[in-house]
1. Looking only at region 118-158, filter to residues that are part of a loop (DSSP other than H, G, I, E, B) and basic (Lys, Arg); which one of those is farthest from the chain's Cα centre (by Cα)?
2. Taking the condition of being crowded, with 21+ Cβ neighbours inside 10 Å and assigned to a loop (DSSP other than H, G, I, E, B), how many residues in region 245-274 meet it?
3. Would you confirm whether or not region 96-108 contains a residue that is open to solvent by less than 70 Å² (accessible area, probe 1.4 Å), out of contact with any helix residue (DSSP H, G or I) (no Cβ under 9 Å at 6 or more places or on another chain) and either modelled with pLDDT of 90 or more or part of a strand (DSSP E or B) (or both)?
4. Taking the conditions exactly as written (touching a Pro at 6+ places or on another chain (Cβ under 7 Å), within 30 Å of Ala151 (Cα to Cα) and without any contact (Cβ under 8 Å) to a residue 24 or more places away in the chain), does Ala317 satisfy them or not?
5. Report yes if Ser284 is part of a strand (DSSP E or B), open to solvent by 30 Å² or more (accessible area, probe 1.4 Å) and in contact (Cβ under 8 Å) with a residue 12 or more places away in the chain, otherwise no.
6. Kindly provide the set of residues from region 165-195 that are within 22 Å of Gly130 (Cβ to Cβ) and assigned to a helix (DSSP H, G or I), ordered by number.
7. Return yes when Thr191 is within 26 Å of Ala323 (Cα to Cα) and either without any contact (Cβ under 8 Å) to a residue 40 or more places away in the chain or among the polar types (S, T, N, Q) (or both) and no when it is not.
8. Which residue pairs have Cβ atoms under 7 Å apart, sit 6 or more places apart or on different chains, and have a first residue in region 136-157 that is over 20 Å from Ser117 (Cα atoms) and a second that is small (Gly, Ala, Ser) and assigned to a loop (DSSP other than H, G, I, E, B)?
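The values are calculated or read from the model by the stated rules, or taken from the named source; none is laboratory data. Bear in mind that the values here come from a model prediction, so they are computed numbers and not experimental data. Note: ideal-geometry Cβ built from the backbone for every residue, glycine included; neighbour counts use all protein chains shown. Accessible surface areas use protein heavy atoms only, side chains included; no ligands, DNA or RNA. Shrake-Rupley method; radii C 1.70, N 1.55, O 1.52, S 1.80 Å.
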Amino acid sequence: MKSAPIKVQLTPQRRPVTDVVGLELGAGFAEGVPAVRLRKREGKTELVSVGFLRLPGTLPEAAGAAEGAPAAWQLPRPFQAPHAALAVTSKLAYLRNATGVGDEVPEKGQADFRTVSRSSAPDLPALAAGLPEFQAAWAARLLPEGRRPTACSLQVSAAAAMNCFTAGPAFSASAGTAVALFVFAEHTALTAFHDSRLVLYREHPVGYTHLRLAVSTQMRIEPALADAVLDDTLIDPTPMIEPVLRPLFRQVEISSDYLQRRRNCQSKNFFICGLPAGVNFWSSVFFSMMNLPLTSISPFDGIEKPARNHTDPGAAAPYLMAAVGAARAVLEDV
C-alpha cells in the first residue's frame, strides 16, 4: 500500500512540485536556519543541497513583535529552488488528535490561529494543527514572490518530521504498521501507524536536551560535552538517563497496547528519528522495558546523495529532520 504524506499543512500547495527547499523556522540553532533542497526525478528523491543558513530575523513570540515586514530572505544560490516548504517550530503551535467536533479550535482568549485538521479514515480521530496567525503571516512574508524560492507550504514541525519516516524505506518494510518517535530538543512526538495510516499522536515533554542535562548535572560537566559521553563506549550513562527515559517509554508501551486493543494489531516495529547522540543507550533502555528493538532511522533514508555534488548531511542529519520532512511532504504528491 503506497503511503501518503502526513500533510497537515497550514497553506495549500497549488501544483505538483519537483524541486523544493525545506526550511525550519524557529529552531533556534546557533548554526543558523536548517535548510535542505530536494529534487524528484523519475520517481526518485535526490539531495541537492543541505546546510544551515545565516538569515536575518527570528520567529516572533508575540503579536506585537511581528508588526512590520520582516527582512526578506535571499537564499544562497544552491538553495534557490523554485519552491520552499516551511516548517515552523513554535511553543505556541499545537498538533494533537481531536477528541470531538470543534476540539481543534484553540482555547478562547488566545490569539487568532491558522488551523487545519486531517483524518486518514472515518473511524480515526482527526489530526489537528494550529499556528498563531501572526507567526504564519510573518513566515509567509519572508520569501517575496518573484524571487526564488516562493513559499508553497507552511507546516508545524512535528507534522513535517513524520514524513521522514512515512516516505522512507523503514515504513515500507514495516508494511505501514509501526510506532515511531521523533525527538526534538524539548519534547518527543510519539506516533502509531496501522495500515499506513496515522492512528495515534502524542507528545511527551522529554527531548534530547533533558538527556544532556541529566548527564552534565550528574557528571558535573558542561552540557556541550554530554553528547560525547552519550556516544562514548567507555562510560555507561544508563543509570543517569534511564530515569528520564522510562516515563517516555511507558507512553510507548501504552500506545502499543492501544494498537493491539483498538486496532487488533500487535506492532513489533519501533523506530526513532532525530536523536543526535546516545541512540545505543536509548535502545538498551527500551529493550529492557519492551523486550523489543528500537531502530534508529535517518531523516535522509531513501534519499539519493549523488557523488557529483559532494553533499552529505553528516552528523547534522538529526537537526535537519523538520526541514527534510517539510520538503518530502510536498514532493510526495508527485
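1. Only one residue fits best here, namely Arg147.
2. Residues that pass the stated criteria total 1.
3. Among the residues of region 96-108, at least one is open to solvent by less than 70 Å² (accessible area, probe 1.4 Å), out of contact with any helix residue (DSSP H, G or I) (no Cβ under 9 Å at 6 or more places or on another chain) and either modelled with pLDDT of 90 or more or part of a strand (DSSP E or B) (or both), which makes the answer yes.
4. yes
5. No; evaluated as a whole, the condition is false for this residue.
6. If the condition is that a residue be within 22 Å of Gly130 (Cβ to Cβ) and assigned to a helix (DSSP H, G or I), then Thr166 is the only one that fits.
7. Yes: the conditions hold for Thr191.
8. Here the result reads Arg141/Ala69; Leu142/Ala72; Pro144/Ala72; Arg148/Ala81; Pro149/Ala81, each pair linking region 136-157 to a residue that is small (Gly, Ala, Ser) and assigned to a loop (DSSP other than H, G, I, E, B).
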